[in-house]
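The values are calculated or read from the model by the stated rules, or taken from the named source; none is laboratory data. Values in this document were obtained by computation on a predicted structure and should not be read as measured data. Because the Cβ atoms are built from the backbone with ideal geometry, glycine has one as well, and the counts that use them run over all protein chains shown.
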Amino acid sequence: MRNYFIAGNWKMHKTVSESVALAKALVAQLAGCREKLMIAPAFTALAAVSEVVKGTNILLGAQNMGPEEQGAHTGEVSVLMLKDLGVKVVILGHSERRHTYGETDELINKKVRLALQHGLEVILCVGETLDERESGRLEAVCRTQVEQGLAGVSAGDLARVTIAYEPVWAIGTGKTATPEDADAVHAYIRKVMAERYGEAAAKAMCIQYGGSVKAENAAQLMQKANIDGALVGGASLKAETFVPIAAFR
Ligand code: PGA
């Protein structure tokens, strides 16, 4: 039986009290859920949400992390601070970080290695823009983002890495890749992983799909052979839209 990994990325939404209320609702409603679960509130709500999810089946995630352990980095949040709050998973390389805030593969790789070195799990996001897809560069872009994002990551650390394939044109737009299209890209990413880490490691790899996932399309997507979970944005902001995704089977 496969394990699915369903993660909620709350992005820049919710005050502390709103975050706590949502986390409490999820803890109550997902207590029996068989999937691996994570929620990533804003930095400001991590401490409070950490108290709510402690000892439950929901892992605490962060949406980003600074590239250095500590020091003169105004505005950044370090891996040590995240660990101190009980964060277990960090989302890195989200397309909003890449495209709105100019994060490069090199910077993302630095964060990936730092997070792994400190024992965190990483969700490395990759995905093409519409322009890249339409000009036939989808595979090249995904290959570069996977290879450069994981540069220097050992086979041993790979067990703590999830890749999230998130076509940029599908994020927050209501447009979803068809399950067949998404599965084909996931298969390609798995092939890139196999070249680097071998067939067995590639097969064991969790590859999430993200981009307008909702209750109505979650099951069809995750029934595909290469889709092992979902990274959910908009639909993770309410219990009534996130719970049915986590309980898709
Ligand atoms: P969305 O966001 O579900 O709102 O499309 C997904 C994401 O950015 O991870």
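Being among the aliphatic types (A, V, I, L, M) and assigned to a helix (DSSP H, G or I) is a property that Met81 has.
So which of Ala201, Ala155 ends up being under 23 Å from Val89 (Cβ atoms), part of a helix (DSSP H, G or I) and either in contact (Cβ under 8 Å) with a residue 40 or more places away in the chain or within 16 Å of the ligand (Cβ to nearest atom) (or both)? That would be Ala201, the only listed residue that is under 23 Å from Val89 (Cβ atoms), part of a helix (DSSP H, G or I) and either in contact (Cβ under 8 Å) with a residue 40 or more places away in the chain or within 16 Å of the ligand (Cβ to nearest atom) (or both).
Do we find that Ala48 is part of a helix (DSSP H, G or I) and away from the ligand (no atom under 16 Å from the Cβ) in this structure? The answer is yes for Ala48. I need a count of the residues in region 207-232 that are in contact with a Gly (Cβ under 6 Å, 6 or more places away or on another chain) and under 17 Å from Leu124 (Cα atoms). Adding up the residues that qualify gives 3.
If you go through region 119-150 and keep only what is aliphatic (A, V, I, L, M), at pLDDT 95 or above and either within 16 Å of the ligand (Cβ to nearest atom) or outside any helix (DSSP H, G or I) (or both), you end up with Leu120, Val122, Ile123, Leu124, Val126, Leu150. Consider region 207-241 and keep the residues that are among the charged types (D, E, K, R) and in a helix (DSSP H, G or I). The one that is farthest from the ligand (Cβ to nearest atom) is Glu240.
Taking residues in region 221-244 that are at positive phi and of a type in the set (D, E, K, R), and partners anywhere that are within 15 Å of the ligand (Cβ to nearest atom) and not in a loop (DSSP other than H, G, I, E, B), not one pair has Cβ atoms closer than 6 Å while being at least 6 places apart or on different chains. For region 25-45, indicate whether the set of residues that are touching a residue at least 24 places away in the same chain (Cβ under 8 Å), under 20 Å from Arg160 (Cα atoms), part of a helix (DSSP H, G or I) and over 18 Å from the mean Cα position of the chain (by Cα) is non-empty. Within region 25-45, none of the residues are touching a residue at least 24 places away in the same chain (Cβ under 8 Å), under 20 Å from Arg160 (Cα atoms), part of a helix (DSSP H, G or I) and over 18 Å from the mean Cα position of the chain (by Cα). Within region 92-113, the set of residues being more than 16 Å from the ligand (Cβ to nearest atom) and over 13 Å from the mean Cα position of the chain (by Cα) comprises Gly102, Thr104, Asp105, Glu106, Leu107, Asn109, Lys110, Lys111, Arg113. Here Leu116 fits the description: touching a residue at least 40 places away in the same chain (Cβ under 8 Å), under 24 Å from Gly71 (Cα atoms) and more than 14 Å from the ligand (Cβ to nearest atom). Residues that are in contact (Cβ under 8 Å) with a residue 40 or more places away in the chain, part of a loop (DSSP other than H, G, I, E, B) and either buried (at least 20 other Cβ atoms within 10 Å of the Cβ) or of a type outside the set (Phe, Trp, Tyr) (or both) are absent from region 99-111. What single numbered condition from (1) within 16 Å of the ligand (Cβ to nearest atom); (2) over 22 Å from Arg98 (Cβ atoms) fails to hold for Asp181? Of the numbered conditions (1) within 16 Å of the ligand (Cβ to nearest atom); (2) over 22 Å from Arg98 (Cβ atoms), the odd one out for Asp181 is (2). Once region 84-98 is narrowed to residues that are outside any loop (DSSP other than H, G, I, E, B) and among the basic types (Lys, Arg), the residue that is surrounded by the most Cβ atoms within 10 Å (Cβ to Cβ) is Arg98.
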